[in-house]
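Report on the structure given below.
Just so you know, all these numbers are worked out from the coordinates, no wet-lab data involved. Predicted model, so just to flag it, every value in this text is computed and none were measured. Because the Cβ atoms are built from the backbone with ideal geometry, glycine has one as well, and the counts that use them run over all protein chains shown.
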Amino acid sequence: MIEIKQIESVTKGYFAALDNETEAGRMSYTFAGETKMILDHTEVSDEYRGQNIGKRILMEVVNYARENKIKIIPLCPFAKSVFNKIEEIRDVL
């Protein structure tokens, strides 16, 4: 079972998709002030491709942004493409 965890330092961090102890994927971010989060990179391990890992991580990031009243700036091409496809999550842009 895949679990999404947030690993954070002061101004940056990432959300990781973990399959037990194996990292299936991650989406990294940097905070721009207290109310904006820049998504800068998404990667998914080859053996987990095609399982919507990246999208699942992004949905967790969207939930985090909503709960914390943070806006997302998707510089990552993958994240940007998902926001372009799913209108319901654009409220955090």
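Semi-axis lengths, largest first, of the ellipsoid equivalent to the chain are 20, 15, 11 Å, with √(5λ) applied to each eigenvalue of the Cα gyration tensor. The magnitude of the dipole of the chain, with charges of +1 and -1 set on the Cβ of Lys/Arg and Asp/Glu and taken from the Cα centre, is near 440 debye. Sites listed here are GluC sites (Glu not before Pro) in the chain whose DSSP assignment is loop and whose Cβ has at most 11 other Cβ atoms within 10 Å: GLU21, GLU34. Amide H contacts of LYS36: LYS71, each under 5 Å away and 5 or more positions distant or on a separate chain (H built 1.01 Å from N in the peptide plane; Pro and chain starts excluded).
Between LYS36 and GLU8, the distance separating the two model label sites (each 7 Å from Cα on the Cα→Cβ line) works out to 1.9 nm. Can you list the residues, at least 5 places off or on another chain, whose amide H is less than 5 Å from the amide H of GLY25, using H built in the peptide plane? Answer set, sorted by chain and number: ALA17, SER45. Seen against the Cα atoms of the chain and their longest principal axis, helix 53-67 is set at about 30 degrees. Between ASP46 and MET59, the simple spin-label model (points 7 angstrom out along Cα→Cβ) gives 2.8 nm. Binning the alpha carbon pair distances of the range 1-53 at 5 angstrom intervals from zero yields the distribution 5, 21, 28, 21, 13, 9, 4, 0, expressed in whole percent. Here's the list of lysines a cross-link from LYS69 could span, going by alpha-carbon distance under 18 Å and ignoring same-chain residues fewer than 8 apart: LYS12, LYS36.
Projecting the Cα atoms of MET1, VAL82, TYR14 onto the dipole axis of the chain, where Lys and Arg carry +1 and Asp and Glu carry -1 at the beta carbon, places VAL82 farthest toward the positive end.
Relative contact order of the range 6-93, taken over Cα pairs closer than 8 Å and 6 or more residues apart, is 24 percent. Taking the DSSP bridge list for the chain and keeping only pairs wholly inside it, about 85 percent are antiparallel. Note on LYS85: lysines with a C-alpha under 17 Å away, same-chain residues under 8 apart excluded, are LYS55.
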